[in-house]
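This report refers to the structure that appears directly beneath it.
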Amino acid sequence: MADDPETPPAPPEARDPDAPTHPTHPAHDLSTRLKSYEGHPAAVSATGKDPVNLPMIRHWCEALGDTNPAYTGPEAIAPPTMLQAWTMGGLGGPGARGGHTGRAQAYDELLALLDASGCTSVVATDCEQEYLRPLRPGDEITFDTVIESVSDRKTTKLGTGHFVTTRTDVRVGETLVGTHRFRILKYAPARAKKTPPRPRPVVNRDNAGFWGGVERHRLLIQRCTACAALRFPWLPGCAHCGGPDWDTVEASGEGTVYSYVVMHHPPFPAFDPPYAVVLVELAEGVRIISNMVGTPYDKVRIGMPVRLVFQVYDGELTLPVFRAAEEAVVGEEAAV
């Protein structure tokens, strides 16, 4: 009716065809195909590679440091959390030394479909176990596994993919002794994020000469032409006599760590904390703040002799940084 306040939903064909939930969208079709495998077997009447045995129990307990007396002696039982261990097929496929002959085709098809969709990586995420009776040495186990659920497409830090949950019923003879749910994430790996470029210095008319020198691998210090006082950082006038005129001298590159800090937080793009920021007193008497490279942050010390080096970042940005003096000398000899 015209006066009906409710608008009926648009028919499927009228909805946005680019929306993942649209029936004709490729993601919707993939999700439907993946869901169709729910309830299908992943393994049928598979048999454990070995009976429950004391050597495996002993190795398990030693690895985990479990000294429970229930797991030793003539009346020993297997630790309940070993339930999955008795179902493992080892390495290789059916017919090789590992694998199970009871593995069903449906599970291989499901994994192949996920691979074809770009979800080529896998990681186990969690498991749930239910124990109905203890396993004892000599028990021969069989099990059936079913594909219990396949999730909709999910986005994680690892990448985008689907969670696949299987349920395994473990039996000794006809007796159900435990149930094991195992969940994996089949995903398309997220693209590695590019390291952001290092922040660029602000170059203005007062410091352009300094950065011009850095590009030529020269560390230039301002010198007042009136009183000969050296100054750094660069300033438009002399702080001692107020004289506006100046020239430059080139630093030798030798110095000592006057003070330093270790940056842990906050994290900043293009930097990898922890790292040392040093205040270096140059041989000429002025001080400069820069990074320490080639020496672990926890090995930097006040009074440490250092030497200037020029390092290129992002293929185009040259910056003056410092190395421990002995490391810089070794590097220069190697270069020669």
A chain fully extended from R231 to V44 at 0.36 nm per residue, minus the present Cα-Cα distance, gains in nm 59.1 nm
Simple spin-label estimate for K299/T175, 7 Å along Cα→Cβ, in nm, reads 6.3 nm
If the chain between T72 and D272 were fully extended at 0.36 nm per residue, the gain over the current Cα-Cα distance would be 67.0 nm
Summing +1 per Lys or Arg and -1 per Asp or Glu among the other residues with Cβ less than 14 Å from V164's Cβ gives +1
Taking 0.36 nm per residue of separation between R216 and V202 and subtracting their Cα-Cα distance, the length gained on full extension comes to 3.3 nm
Judged on accessible area alone, 1.4 Å probe, highest first, I77, I141 line up as I77, I141
Two pseudo-spin positions, 7 Å from Cα along C-beta at V123 and at T318, lie apart in nanometres by 4.2 nm
Probe 1.4 Å, all chains present, heavy atoms only: I221 accessible area in Å², nearest 10, is 0 Å²
If unit charges are put on Cβ atoms (+1 for Lys and Arg, -1 for Asp and Glu) and the dipole of the chain is taken about its Cα centre, the option from P134, G315, C61 lying farthest towards the positive end turns out to be G315
By the rule of another cysteine's Cβ lying under 4.7 Å, the cysteines of the chain that fail to get a partner are C61, C119, C127
A 1.4 Å probe over the protein heavy atoms gives the chain a carbon and sulfur accessible-area percentage of 55 percent
Judged on accessible area alone, 1.4 Å probe, highest first, K193, K35 line up as K193, K35
Rounded to the nearest 10 Å², the accessible area of W211 using a 1.4 Å probe with every protein chain kept is 50 Å²
With label points set 7 Å from each Cα along the Cα-to-Cβ direction at E148 and W60, the distance between them in nm comes to 1.9 nm
Over the chain, with neighbouring protein chains present, the accessible area per residue in Å² at probe 1.4 Å is 61 Å²
Any lysines whose Cα falls less than 30 Å from that of K186, other than same-chain ones fewer than 8 residues away, would be K35, K49, K154, K157, K194
With -39,500 (n - 2.57) per DSSP H segment of 4 or more residues and division by the full residue count of the chain, the 222 nm estimate, nearest 500 deg cm²/dmol, is -4500 deg cm²/dmol
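The values are calculated or read from the model by the stated rules, or taken from the named source; none is laboratory data. Values in this document were obtained by computation on a predicted structure and should not be read as measured data. We place every Cβ from the backbone using ideal geometry, glycine too, and count neighbours over all the protein chains shown. Only protein heavy atoms, including side chains, enter the accessible area calculation; ligands, DNA and RNA are left aside. Shrake-Rupley method; radii C 1.70, N 1.55, O 1.52, S 1.80 Å.
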